[in-house]
Structures are given as C-alpha cells and as structure tokens.
Amino acid sequence: MRSLKNVERRAWPGEIPLTSLYTAGTGGQIFFRALKTQGKLIATRCVPCEQIYLPARSFCERCFAELKEQVEVKRTGRLV
C-alpha cells in the first residue's frame, strides 16, 4: 500500500459539466402527480397478492406481477 505522503496531488481548475436527473419511475410518477395535482395518496394494488403499495409501484415485490390497479388511500389509519 502506498503512503499518501508520496502520492502526487493534482487539481484541475474549473467546473465539470455534470447533470443528473432523478426519476421516480412510472409508479412513482403516479403517486407524485396525484399528490401534487389532487392532494390524494394513490397506491397500486396487486390483485393476486392483495398487497397495496404506497407510494405506487410498477410491479409486485412478492410475485412480480405488473401493477395496473390504482387505489386511493384514505388519510386515516395506522402506519406500520
């Protein structure tokens, strides 16, 4: 292992033109669009597993089924 004392340090003045665009995916877009425009919590439901995913997802993490059914989640309840 080389000692850091013996390593030549280099620097480049200026900026590196990097841009990044994070997307929430198709499921996330459903959730965030409804939250922003309608103030609603929209989830997706897996019919075979009867699992509801909030925020909305594109596929079921249990059985890998495509999630197409959208359901509105009530503002009452308990988060577990």
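Among the chymotrypsin sites (Phe, Trp or Tyr not before Pro) within the chain, those in coil by DSSP and having at most 13 neighbouring Cβ atoms inside 10 Å are TYR22, PHE64. Sorting ARG9, ARG62, ARG57 by solvent-accessible area of protein heavy atoms yields ARG9, ARG62, ARG57, largest first, with a 1.4 Å probe.
Across the options ALA11, VAL73, CYS63, the greatest Cα extent toward the positive end of the charge dipole of the chain (unit charges at beta carbon of Lys, Arg, Asp, Glu) belongs to ALA11.
Distance between the pseudo-spin-label points of GLU61 and ALA11 (7 Å out from Cα toward the beta carbon): 4.4 nm.
With a 1.4 Å probe and all protein chains left in place, how much of the accessible area of the chain comes from carbon and sulfur atoms, in whole percent?
Accessible surface attributable to carbon and sulfur in the chain totals 54 percent.
Relative to the longest principal axis of the Cα atoms of the chain, the long axis of helix 25-38 makes an angle of roughly 70 degrees. A cut-off of 5 Å between modelled amide H atoms, ignoring neighbours fewer than 5 places along the same chain, links PHE59 with LEU67. Calculated [222 nm] ellipticity per residue, helices only, for the chain: -5500 deg cm²/dmol; basis is -39500 (n - 2.57) per DSSP H run with n ≥ 4, divided by all residues, nearest 500.
Full extension of the segment from LEU18 to PHE32, taken as 0.36 nm per residue of separation minus the current Cα-Cα distance, would add 2.5 nm.
The values are calculated or read from the model by the stated rules, or taken from the named source; none is laboratory data. Note that the structure is a prediction, hence the values are computed from the model and not measured. Glycine also receives a Cβ, built like all others from the backbone with ideal geometry; neighbour counts cover every protein chain displayed. What goes into the accessible areas is simple: the full protein's heavy atoms, side chains included, and nothing from ligands, DNA or RNA. Shrake-Rupley method; radii C 1.70, N 1.55, O 1.52, S 1.80 Å.
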